[in-house]
Amino acid sequence: MVKVGGIYRAEIASLADNGYGLARIQKESIYVKQALPKEQVSVKITKRLKQGYVGEIVKWHVRDAHRVSSPCAVYQGCGSCHLLHCEYEKQLTFKQEMVKDWVKNSRLPLTVQPVIGMAKPFGYRNKVIVSFQRDRSGKLQKGFYEEFSHRIIPYQSCLLHDDLMDDVINSIAVLAEKQRIEPYDERRRRGFLRHVLIRKGRVSKELMVVLVTAAASFPGRKGFVGALLKRHPEITTIVQNINSRSTSVVLGEEERILYGSGKIEDVLLGNRYQISSKSFYQINHEQCEVLYRKALAPLELKGTETLLDAYCGIGTIALSAAGHVKQVIGVESNKQAVRDAISNAKNNRIGNARFICDDAAHYMEEAAVRKQRFDVVVMDPPRSGSSEQFIKACARVRAGKIVYISCDPRTQLRDLAVFKRLGYEGNTIIPVDLFPHTNHVESVVLMSRKEK
Ligand code: SAH
């Protein structure tokens, strides 16, 4: 029997979905942190999971030629990157293999294209969230959660962040220490500062700081905001978000604008977008443009179509397509995002776009009852995927073409199987690397209705 704490020699068979190397020891699955396929290692078992064990390499016997030494100081502990130890080109191959495996398991007749990667895969994140704690000596620290835990791994700078974001976060930590602002302690449910979220417009350079606090009352607020702006005049807006619940969800409902308009703007594929703190906006600007182009180009839009952008966020896909179709309609359940989308249509003088705040499946079912027709549906649901209800309604509105964009190809393939039963099929799946150095991958599939 495999024992936690035991050390075993193993060969890594493949890369698991979570980015860990997968080995078999005594018929058990061992997920080995930072291991690459074909490497031979001695692994120490650190944890038992439902589906196997987690282990850490204590010695290499054979290393992979694509292994690179990680240039990150906190790579061992931080749970964000899983593939930083692997050459970037090879990461793309692994991701393609991963998608191929999922496609094979789904039995859908899809060809997997090579993963579209980035020329410079660092500093790409336009949004960052950090948390705070006091260390044993009482010093205030900022950092990311360790994987599988709520322990905070302190950091100075992250290779995936824009440098300015880390500078601002460092300043916030220094000022919080100076003004005795207590970090929130999850276990004791005491303290004030829970997280800081920063968003930066890639093109506009506008910068939003969201201070997530456990209570509304913010003693020393004016001094804090003034000192932060003095250090960083490049900050465009500061928002206080109040989250008093015992939850791992970062943002609470209530917000107060402490400086600026509470929003920033950015430019994507030529349109300007207003972005609120709670609205979704793709974190990798450069690859988002690649993704949208890949999603829209094969539709060969003629200017006569009605296009539905389901799960539309702040309307980025709908408004990117608006100039190429007769009409676009966006549906989205987050109120703030819908408000942003409506403003975005107006600010870009786009007159043929409408946005509706509703559950996508509910909206689609009602559209089917009204006998509304959509020539094209573009859908980009959250990681959990769409629903049978939505997919069935897509068939009922007789959408001619459907583009499915996903940040988890596994849920996408699950949904594509439902589409297939209803007569919709695609030929290729295009993976796009929106999240270099992590185990995540985005994917696009164009489906059309097969006439019986
Ligand atoms: N297409 C956008 C947003 C994609 S993220 C973009 O590329 O930026 C997925 C979006 O789906 C989020 O904005 C989320 O708020 C929204 N969403 C989640 N569940 C939903 C539902 N049931 N109905 C409508 N929108 C939903």
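The values are calculated or read from the model by the stated rules, or taken from the named source; none is laboratory data. Predicted, not measured: the structure shown is a model, and the values here were computed from it. Backbone-built Cβ (ideal geometry, glycine too); neighbour counts: all protein chains shown. Keep in mind that these areas ignore ligands, DNA and RNA; they rest on the heavy atoms of the full protein, side chains included. Shrake-Rupley method; radii C 1.70, N 1.55, O 1.52, S 1.80 Å.
Counting the residues of the range 226-251 that are over 27 Å from the mean Cα position of the chain (by Cα) and either within 28 Å of Arg187 (Cα to Cα) or surrounded by fewer than 14 Cβ atoms within 10 Å (Cβ to Cβ) (or both) gives 3. Scanning the range 269-292 for residues that are of a type in the set (Ser, Thr, Tyr), outside any strand (DSSP E or B) and within 11 Å of the ligand (Cβ to nearest atom) turns up Ser279, Tyr281, Tyr292.
Number of residues in the range 183-210 that are farther than 12 Å from Ser131 by Cβ and under 25 Å from the mean Cα position of the chain (by Cα) equals 13.
Return the residues of the range 351-361 that are within 16 Å of the ligand (Cβ to nearest atom) and either open to solvent by 60 Å² or more (accessible area, probe 1.4 Å) or over 27 Å from the mean Cα position of the chain (by Cα) (or both); say none if nothing qualifies. Don't jump to the end; show me each part of the working.
So in the range 351-361, the residues within 16 Å of the ligand (Cβ to nearest atom) come out as 353-361.
Once the filter is applied, which keeps residues that are within 16 Å of the ligand (Cβ to nearest atom) and either open to solvent by 60 Å² or more (accessible area, probe 1.4 Å) or over 27 Å from the mean Cα position of the chain (by Cα) (or both), the range 351-361 yields Arg354, Cys357, Asp359.
Cβ-Cβ contacts under 8 Å between residues 6 or more apart (or on different chains), taken from a first residue in the range 364-385 that is assigned by TED's automatic domain parsing to the domain that holds Val403 to a second residue that is among the aromatic types (Phe, Trp, Tyr) and away from the ligand (no atom under 14 Å from the Cβ), are listed as Ala367/Phe374.
Ile317: within 11 Å of the ligand (Cβ to nearest atom), crowded, with 16+ Cβ neighbours inside 10 Å, part of a helix (DSSP H, G or I) and hydrophobic (A, V, I, L, M, F, W, C), yes or no?
Numbers: within 11 Å of the ligand (Cβ to nearest atom): yes; crowded, with 16+ Cβ neighbours inside 10 Å: yes; part of a helix (DSSP H, G or I): yes; hydrophobic (A, V, I, L, M, F, W, C): yes.
Considered against the rule, which asks whether it is within 11 Å of the ligand (Cβ to nearest atom), crowded, with 16+ Cβ neighbours inside 10 Å, part of a helix (DSSP H, G or I) and hydrophobic (A, V, I, L, M, F, W, C), Ile317 comes out as yes.
The test for being of a type in the set (Lys, Arg), farther than 20 Å from Leu308 by Cβ, open to solvent by 20 Å² or more (accessible area, probe 1.4 Å) and assigned by TED's automatic domain parsing to the domain that holds Leu291 does not hold for Arg396.
Just one of the numbered conditions (1) open to solvent by 20 Å² or more (accessible area, probe 1.4 Å); (2) aliphatic (A, V, I, L, M); (3) outside the structural domain of Ser443 (by TED's automatic domain parsing) is not true of Leu110: (3). Does the range 260-268 contain at least one residue that is open to solvent by 40 Å² or more (accessible area, probe 1.4 Å) and either assigned to a helix (DSSP H, G or I) or away from the ligand (no atom under 16 Å from the Cβ) (or both)? Yes, the range 260-268 has at least one match.
Could you say whether any residue in the range 406-418 is within 11 Å of the ligand (Cβ to nearest atom), under 30 Å from Lys127 (Cα atoms) and open to solvent by 10 Å² or more (accessible area, probe 1.4 Å)? Yes - at least one qualifying residue is present in the range 406-418. In this structure, Asn334 qualifies as within 12 Å of the ligand (Cβ to nearest atom) and under 26 Å from Gly262 (Cβ atoms). Under the condition of being among the charged types (D, E, K, R) and assigned to a strand (DSSP E or B), the residues counted in the range 15-68 number 9. Checking each residue in the range 135-153 for being surrounded by 15 or more Cβ atoms within 10 Å (Cβ to Cβ), without any contact (Cβ under 8 Å) to a residue 60 or more places away in the chain and not aliphatic (A, V, I, L, M) picks out Gln141, Lys142.
Of the residues Leu299, Leu308, the single one that is in the same structural domain as Ile430 (by TED's automatic domain parsing), within 15 Å of the ligand (Cβ to nearest atom), among the aliphatic types (A, V, I, L, M) and modelled with pLDDT of 95 or more is Leu308. Residue count for the range 362-393 under the criterion of being more than 20 Å from Leu291 (Cβ to Cβ), among the small types (Gly, Ala, Ser) and either open to solvent by 10 Å² or more (accessible area, probe 1.4 Å) or more than 14 Å from the ligand (Cβ to nearest atom) (or both): the result is 2. Listed by first and then second residue, the pairs linking a residue in the range 280-302 that is in contact (Cβ under 8 Å) with a residue 60 or more places away in the chain to a residue that is within 11 Å of the ligand (Cβ to nearest atom) and polar (S, T, N, Q), with Cβ atoms under 7 Å apart and 6 or more places separating them unless they lie on different chains, are Cys288/Gln282; Leu296/Ser320. Checking each residue in the range 377-400 for being among the aliphatic types (A, V, I, L, M) and at pLDDT 95 or above picks out Val377, Val378, Met379, Ile391, Ala393. Note on the range 154-203: residues that are open to solvent by 30 Å² or more (accessible area, probe 1.4 Å), in contact with a strand residue (DSSP E or B) (Cβ under 6 Å, 6 or more places away or on another chain) and either assigned to a helix (DSSP H, G or I) or of a type in the set (S, T, N, Q) (or both) amount to 1.
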